[in-house]
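Please read the structure below before turning to the comments.
The values are calculated or read from the model by the stated rules, or taken from the named source; none is laboratory data. These numbers were taken from a predicted model, which means no experiment stands behind them. Using ideal geometry, Cβ is built from the backbone for each residue, glycine included, and neighbour counts are taken over all protein chains shown. For the accessible areas, the whole protein counts, side chains as well, though only heavy atoms, and no ligand, DNA or RNA atoms are used. Shrake-Rupley method; radii C 1.70, N 1.55, O 1.52, S 1.80 Å.
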Amino acid sequence: MFDASGRNWGGNEETTAFWIQGGRMEQPAVGKQTGCAALDQMDGKAAQSRLSKEGTCPRCGSGQNRQHTDVEQMKEMFAKLLLGEDMSGGGKGVSSSLALSNAITNHAASVFGEQVRLEPMSAERKARWRREIDWLLSVTDYIVELVPSQQVGSDGTKMEIMTTQQRKDLLVNIPALRKLDAMLIGYLDNFKDKNEFWYVNEDAEDTEKGNAERKDDKWWLPTVKVPPNGLSDVSRKWLQFQKESVNQVLKAAMAINAQVLMEMEIPEAYIDSLPKNGRASLGDLLYRNITVEYFDPSQFLASVDLSTEHRVVDLKNRIEASVVIWNRKMHNKDVKAWAPGVSLEKREQFEERAQTILHLLKHRFPGIPQSALDICKIQFNKDVGLSILESYSRILESLAHTVVSKIEDVLHADWLARDPGERLSVEEPGMTRLSDFMGWTLEQESENGKEADGREDMLVLEESRMKKPPGVLTQRVPSYTEKLECLGGLRSPTSRH
């Protein structure tokens, strides 16, 4: 078994099977079984225990041959994980935590990579996904911690003993992620027999694609087609409801993934690659924009070039590096590293501003690749439980973002099919608003319609004041958080800080 840190702890030489955290196999002692040897013994018994008298599985209807194939496949998978993905046996494999993370990521890519349309998954792909993800998640059942418990003896006396229980973060998050997984697959199943929109292959003629031809760089994906007059009101509202539902799953997966990444230790290899101070990491222009007296994140992002994915990732890498540098200096009380006159409150304020920008970037561009810090944490992480949580939440986040994007493609094709006069009164689908990720709902906006009108006038007045020439004396510009409080919004989740 594993302790709370994911390391093997229980058992002596006769009972310990293998040490998964180190990514290597122990030399078996007399009477000691390795993981594959245990699976060999289970080969016959496990198959017989799940089969009925007729030789078929009562759950999935598969026969004994299929059950035998599944066991062999599971043995091969775990043998590869034990060797750290180095099947040559030369001892050059990666750690078990990274091997499990890669296995979950590769399995999701092989299953969901084929999902290029809004349609239910095939029964074969569903079965393959659930079967192999259950194998990979079964490792978390043996990552345990000791908790106090009461035991009643035969004579009625009570005593306190220590019992094993699945680690708390795994006990909470694994069932939550499984629920999100089932919800996403269920949302895809909802698109069965939806015939108001269809897809045209990329090699079709331009006349067949019509106005819905793809304008982005994913030219190989099929193009959505809708009727000439667009979707019906019922279908349009149903698609919008599905988008909002999947978006809630996306937010939940992002929150879990951010929390897990925050709990991972920053590797020394990443710290050694950092510059000496935050100014060197950000550059003079970004540093001045963050350390100004009156700071507005929306203005900051508007002044930065975010036209390409590469520029967004580069900005995220720079800001994350500066946050790590500032945190280390504050904890180490390194006053010399800061400019004279910079107080502790100012340092914390600069770090909070940088965290706010990272939060906005994460939600405004949910599909961007991982930053250098995230990649380094995943690569050097030694906690098996955190690796499984991070990879599982990341693939669910990716799948949810893919489903939302494909729903937006259908809504965009419907928007293009409308009359030009009708388009002016309807917002173009796919446009990201602040309310999309700050927790505002359509119901809240409708209930507070009158108050919102007055507040919008106030914001317009503030924006006009902010656009005055620099030489004109202006009033203090409200901060970003003050605007959110004024509008009844929510602050950034604590998991992002």
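Here is how the numbers come out for the structure above:
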read-out	value
Residue list for region 369-397, filter: under 16 Å from Tyr187 (Cβ atoms) and in contact with a Ser or Thr (Cβ under 9 Å, 6 or more places away or on another chain)	Ile395
Region 67-107 - residue that is more than 22 Å from Glu390 (Cα to Cα) and of a type in the set (Lys, Arg) and, of those, surrounded by the fewest Cβ atoms within 10 Å (Cβ to Cβ)	Lys92
Of all residues making up region 167-205, the number that are part of a helix (DSSP H, G or I) and over 19 Å from Ser391 (Cβ atoms)	5
Scope region 280-316; condition buried (at least 17 other Cβ atoms within 10 Å of the Cβ) and part of a helix (DSSP H, G or I); matching residues	Ser281, Leu282, Leu286, Tyr287, Asn289, Ile290, Pro297, Phe300, Val312, Val313, Leu315, Lys316
So Thr164, is it hydroxyl-bearing (Ser, Thr, Tyr) and assigned to a helix (DSSP H, G or I)	no
Among residues of region 376-403, those that are in a helix (DSSP H, G or I) and either surrounded by fewer than 21 Cβ atoms within 10 Å (Cβ to Cβ) or among the basic types (Lys, Arg) (or both), counted	8
Count of residues meeting criterion [open to solvent by less than 60 Å² (accessible area, probe 1.4 Å), part of a helix (DSSP H, G or I) and either hydroxyl-bearing (Ser, Thr, Tyr) or under 16 Å from Ser391 (Cβ atoms) (or both)] in region 256-272	6
Test for Ser122: is it farther than 23 Å from Phe78 by Cβ, open to solvent by 20 Å² or more (accessible area, probe 1.4 Å) and among the polar types (S, T, N, Q)	yes
Tally of residues being touching a residue at least 12 places away in the same chain (Cβ under 8 Å) and open to solvent by 90 Å² or more (accessible area, probe 1.4 Å) across region 149-168	3
Matching residues in region 237-251 - criterion: being surrounded by fewer than 19 Cβ atoms within 10 Å (Cβ to Cβ) and closer than 21 Å to Ile378 by Cβ	none
Near pairs, Cβ below 8 angstrom, 6+ apart or cross-chain, from region 340-354 (open to solvent by less than 80 Å² (accessible area, probe 1.4 Å)) to any residue that is assigned to a loop (DSSP other than H, G, I, E, B) and modelled with pLDDT of 75 or more	Phe350/Thr291; Arg353/Phe295
Count of region 358-367 residues which are in a loop (DSSP other than H, G, I, E, B) and over 11 Å from the mean Cα position of the chain (by Cα)	1
Enumeration of residues in region 97-125 that are farther than 19 Å from Ser393 by Cβ and in a helix (DSSP H, G or I)	Ala123, Glu124, Arg125
Flag for Ile325 being out of contact with any helix residue (DSSP H, G or I) (no Cβ under 6 Å at 6 or more places or on another chain), in a helix (DSSP H, G or I) and of a type in the set (Val, Ile, Thr)	no
